[in-house]
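Every number in this text was worked out from the coordinates using simple rules, so none of it is lab data. Every value quoted in this text rests on a predicted model; they were computed, and no experiment measured them. Quick reminder, even Gly has a Cβ in these numbers, built from the backbone with ideal geometry, and neighbours come from all protein chains shown.
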Amino acid sequence: MPRSNRPRRTAAGKAGFARAAKPGSKHGPAPELDLERARTGVARRESAPDGEWMVRLITAGRAEKTYICPGCSTAVPPGIAHLVVWSEDHLFGAAAGLAERRHWHSNCWTSRSYRYR
């Protein structure tokens with residue numbers, strides 16, 4: 001039995017904000033969302049004895065490929081939340097640092113030693 005006497009919403013009513021505006025209304029159609037911008041997280045800057053690093057969290061839902069963690073040399077399988085890390089103060093510039101980004105387990109990144117191996 002329904003909780004109220006109001007009729008249930010139709011399938012068109014459940015679409016919510018994705019509906020186009022009716023012709024002649026004062027509001028135009030809803031703006032198109034930039035999905036690529038929404039999917040990418042916000043990177044944070046971390047300072048450490050080994051340099052300046054940009055760190056971005058990858059959620060479990062967005063982790064789609066297998067990577068090798070440089071901290072423990074084991075796989076970061078799909079579906080596991082992890083971090084993407086790149087050097088902000090790379091010798092050849094920020095673009096080269098971004099090209100050499102690595103995927104780390106969160107614990108491996110926080111417990112890394114600053115000694116060069």
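Data for the structure
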| read-out | value |
| --- | --- |
| 5 Å binning of all Cα-Cα separations within region 40-117, expressed as whole percents from 0 upward | 3, 16, 25, 29, 18, 9, 1 |
| Linear extension gain, ALA48 paired with THR66, 0.36 nm per residue minus alpha-carbon span | 3.8 nm |
| Spin-label model distance (nm) - ALA95 vs LEU57, 7 Å beyond Cα toward Cβ | 3.1 |
